[in-house]
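Trainee: Once you've had a glance at the structure underneath, I'll fire off some questions.
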Amino acid sequence: MQRVSTTSLAKLKERREKIVMVTAYDYPSACLVDEAGVDVVLVGDSLGMAVLGHSTTLPVTLDDMLHHTKAVARGVHRALVVTDMPFLSYQTCPEDALRNAGRFLQEGGASAVKLEGGVDYCPQVRALVAAGIPVMGHLGLTPQSVHVLGGYKVQGKTEKAARRLLDNARALEDAGAFGIVLECIPEDVAARISASLQIPTIGIGAGVHCDGQVLVFHDLLGYSGQDVQSRPRPRFVKQYANLSETIRGAVQQYAAEVRQQLYPGREHSFSPEPLEAKTKSVVPAAPYSTLSRK
């Protein structure tokens, strides 16, 4: 089984074959998505909302990301594992970016990192690539800049904004990024960017013309807490299952059976060892000296 690499993704773009990417945050989910045949597993800082219960990605720490990256890396044997660099782990300077990104490969077991932003962070991208650390970019709606953007809004809606996105994408490519996530931008803008780059684009809320697509594991599977379920589902999310209902129903059935004394049944319980097995006499073997005299 050949492992997916950054060059594998470039070849998929050359052949016009779509790239499939999904997030994972722990060992079981990593095993499942890898077995399902995805090309890229992203350990996203979206775990702040999907797993840790935060309202943004900003509280997610480097230690959080390392912890989850290690678990995911243990479960993936084919896909490329990419880890998000969390807020303030790379923005300060190239040296900090290099030190922190290196930990994701050396300690976490990832094969690449992803960071948000364009031309302003090209020095960081160059430093990482020069050190042998593959980098995926992220443009459009960049969640770590949610307060600057004024919320989770579609980006690149004007021609000026679209041109800025294109310039940033080209700058990231020139700096050595092997791919770029395009989040929440108009479909035609994503198409223009994708056509102008040699490296692949991965869309999320960016239309069908990107070179691949990514979804959050919990969004794809309808697996979330009540607070998240009460929020409007993003337009770009297609829910392929409803695990929240399945899990809730299973736990409710378990609780009911415990209270009605239906579980555990006899088949789930252990019986004592039969009395005769305990009292059965055992004939000791003859001593060596007796055997030797015969």
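Trainee: So what are the radius of gyration and Dmax for the Cα set of the chain, in Å?
Mentor: Here Rg and the maximum Cα pair distance are 26.2, 106 Å.
Trainee: Now a separate question. So for the chain: antiparallel DSSP bridges make up what percent, rounded to the nearest 5?
Mentor: Working: 1 of 28 bridges.
That works out to approximately 5 percent antiparallel.
Trainee: Go through the range 118-163 and name the trypsin sites (Lys or Arg not before Pro) that are in a DSSP coil and have 16 or fewer other Cβ atoms within 10 Å of their Cβ.
Mentor: Values: sites: ARG126, LYS153, LYS157, LYS160, ARG163; in loops: LYS153, LYS157.
Loop-located and lightly packed - LYS153, LYS157.
Trainee: Here's something else I'd like to know. To the nearest 20 Debye, how big is the dipole of the chain about its Cα centre, given +1 on the beta carbon of each Lys and Arg and -1 on that of each Asp and Glu?
Mentor: Numbers: 31 positive and 30 negative charges, 139 e Å.
Roughly 660 debye, rounded to the nearest 20.
Trainee: Between Rg and the Kirkwood Rh of the range 120-273, both from Cα atoms, what is the Rg to Rh ratio? Provide the component values of the computation, followed by the final result.
Mentor: Details: Rg = 23.0 Å, Rh = 18.7 Å.
Across the range 120-273, the Cα-based Rg/Rh ratio is 1.23.
Trainee: Just list whichever of LYS13/LYS160; LYS11/LYS153; LYS13/LYS153; LYS18/LYS238 have alpha carbons separated by over 23 Å in the model shown. Walk me through the numbers on the way to the answer.
Mentor: Working: LYS13/LYS160 27 Å; LYS11/LYS153 32 Å; LYS13/LYS153 28 Å; LYS18/LYS238 17 Å.
From the list (LYS13/LYS160; LYS11/LYS153; LYS13/LYS153; LYS18/LYS238), the Cα-Cα distance tops 23 Å for LYS13/LYS160; LYS11/LYS153; LYS13/LYS153.
Trainee: Helix-only mean residue ellipticity at 222 nm, the chain, DSSP H runs n ≥ 4 weighted -39,500 (n - 2.57), per residue, nearest 500. What is it?
Mentor: On the way: 14 runs with 125 residues, N = 294.
Result for the chain, helices only: -12000 deg cm²/dmol.
Trainee: What accessible area per residue comes out for the chain, rounded to a whole number of Å², with a 1.4 Å probe?
Mentor: Working: 16420 Å² over 294 residues.
Each residue of the chain exposes 56 Å² on average to a 1.4 Å probe.
Trainee: If you wrap the range 60-99's Cα atoms in a convex hull and average its projection over all directions, what's the area in nm²?
Mentor: Mean projected area of the Cα convex hull: 3.1 nm².
Trainee: Right, here's the next one. What full-extension length gain, to one decimal in nm, is calculated for THR7 and LYS160 as 0.36 nm per residue of separation minus the Cα-Cα distance? Each step should come with its number before you reach the end.
Mentor: Working: separation 153, 0.36 × 153 = 55.08 nm, distance 3.24 nm.
Computed gain between THR7 and LYS160 is 51.8 nm.
Trainee: Next question. Given a 1.4 Å probe and heavy atoms of the protein chains only, how would you sort PHE178, PHE236, largest accessible area at the top?
Mentor: Details: PHE178 25, PHE236 70 Å².
The most accessible residue leads, giving PHE236, PHE178.
Trainee: With only Lys, Arg, Asp and Glu charged, each at its Cβ (+1 for the first two, -1 for the last two), find how big the charge dipole of the range 36-103 is about the Cα centre; round to the nearest 20 debye. Before the final figure, lay out the partial values.
Mentor: On the way: 5 positive and 7 negative charges, 57 e Å.
In total the dipole reaches around 280 debye.
Trainee: Among the GluC sites (Glu not before Pro) in the range 92-136, which ones are in a DSSP loop with at most 12 other Cβ atoms within 10 Å of the Cβ? Mind listing them? Walk me through the intermediate numbers first.
Mentor: Numbers: sites: GLU95, GLU107, GLU116; in loops: GLU107, GLU116.
Loop-located and lightly packed - GLU107.
Trainee: Same structure again: Can you give the FRET efficiency for LYS238 and LYS70, using 1/(1 + (r/R0)^6), R0 = 25 Å, r = Cβ-Cβ distance, to the nearest 0.05?
Mentor: E between LYS238 and LYS70, to the nearest 0.05, is 0.25.
The values are calculated or read from the model by the stated rules, or taken from the named source; none is laboratory data. In this text the structure is predicted, and so the values were computed from the model without any measurement. Note: ideal-geometry Cβ built from the backbone for every residue, glycine included; neighbour counts use all protein chains shown. Note: areas computed on protein heavy atoms with side chains; ligands, DNA, RNA excluded. Shrake-Rupley method; radii C 1.70, N 1.55, O 1.52, S 1.80 Å.
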